[in-house]
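Values quoted throughout were computed directly from the atomic coordinates according to the rules given, and no laboratory measurement underlies them. Keep in mind that what you see is a predicted model, and the values were worked out from it rather than measured. Here Cβ is always computed from backbone atoms with ideal geometry, including for glycine, and neighbour counts include all displayed protein chains.
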């Protein structure tokens, strides 16, 4: 995911910036910073000085007195596949209509920024973001290789040292969907996470993996609490998956897999913070969700109940699920569903008869409990 103009505009540095034209192009990708304040030699623009994805910084001083020359400059930037232009408002307070029309027609953002904003600060900020993006791409490729099921132990150790340069006695990993926040909040959260001691922050897909290195468990607990409080302060919907703690570097790939699995299941069961150690049977079911074995079990146990529900509108599945949530208490289930207790007993018995388990209550609980979890995984899994 390359850096886009809108990513820059979300930063505090550009809080006073104004998009005066080309607003539909703020998703244009930035590859490099360039300038357009040099005099034109023989009225010819050198295309070798421009690359696709350049973001220009200019005061437009050289063309401020000529709309035609300004048009030619902007047109040249557009035809060179530049992504946009920051214009220092020292000499230009308002763009000519002809320029606005050209910019809008080509989705080429022109953004006015304050004259007192140093060029060097813009260059530094953009360059750092581009470099970070390149580093993120490399790290993500390494993570993909690390998660390959055919990876060797030596490869795990090699990649672990590249991805986590600060191993302590113990380590664990945390996956958080920071990309679900607005760009500004996302940047602030990542900045705070990146500044955590003993930690490495890695981007992975639409979120971030934080490797936490620690000697005693209290250090890890305090880091987790800090992250939860940080994210809570922004009051957005979020999910966090947390791995077990490890001490052997050879298990680094397993550590990463655990936090990702916890994160994925957190989304499914709608739990904000989910520890791998608390996943119970989900940790067994999730890796098998697309296998023939799990599908056979699902078709044998869940589907017959669902077909009966669909045909008779009997609410058996809802009743069974509520019955389990209330630890098999018929009275609590009846109160929850606003149904007579005998109705609940009848529905549970009907479900048992459909599965030929009317004389085996324990087996019914065991199989239906698993079947309901499989159904939740199947209905929420993102393919």
What residues of the range 298-325 lie in the reach of a label at residue 336, counting those whose backbone N is under 19 Å from a point 7 Å from the Cα along Cα→Cβ?
306, 314-325
What FRET efficiency comes out for residue 29 versus residue 149 if R0 is 25 angstrom and r is the Cβ-Cβ distance? Round to the nearest 0.05.
0.15
Can you put 203, 32 in order, fewest other beta carbons within 10 Å first?
32, 203
Expected max-MSF residue from 331, 31, 185 in the GNM of the chain (alpha carbon, under 10 Å) is 331
Only helical DSSP H runs with n ≥ 4 go in: add -39500 (n - 2.57) per run for the chain, normalise by residue count and round the 222 nm mean residue ellipticity to 500 deg cm²/dmol.
-16000 deg cm²/dmol
Between residue 232 and residue 101, what length in nm is gained on full extension when 0.36 nm per residue of separation is reduced by their alpha carbon distance?
42.8 nm
So, in nm, how far is label residue 169 from label residue 290 when the simple model puts each one 7 Å beyond its Cα toward the Cβ?
4.1
For the range 135-181 and the range 306-383, compute the distance between their C-alpha centroids and round to whole Å.
41
Which FRET efficiency, nearest 0.05, do residue 157 and residue 127 yield, Cβ-Cβ r, R0 45 Å?
0.85
Segment residue 13-residue 222, length gained on full extension (0.36 nm per residue, minus Cα span)
72.1 nm
Of the candidate values (1) 23.1, 89; (2) 20.8, 80; (3) 28.7, 96, the one computed for Rg and Dmax of the Cα atoms in Å from this structure is (3)
For the pair residue 325/residue 68, report the inter-label distance in nm, with labels modelled 7 Å from Cα in the Cβ direction.
7.4
What residue among 54, 309, 270 has the largest mean-square fluctuation in a Gaussian network model of the chain, using Cα springs under 10 Å?
309
Restricted to the chain, the DSSP antiparallel beta bridge percent, nearest 5, is 60
On C-alpha positions alone, give me the angle between the axis of helix 341-354 and the longest principal axis of the chain, in degrees, nearest 10.
90
When 149, 15, 161 are arranged by how many other beta-carbons sit within 10 Å of their Cβ, fewest first, they go 149, 15, 161
R0 of 30 Å, Cβ-Cβ distance residue 244-residue 137: FRET efficiency to nearest 0.05:
0.60
So for the pair residue 37, residue 2, with labels modelled 7 Å out along Cα→Cβ, what separation do we get in nm?
2.6
Cα-based helix-to-principal-axis angle, 316-325 vs the chain, degrees rounded to 10
90
Can you give me the Kirkwood hydrodynamic radius for the range 234-309, using every pair of distinct Cα atoms, in Å to one decimal?
14.2
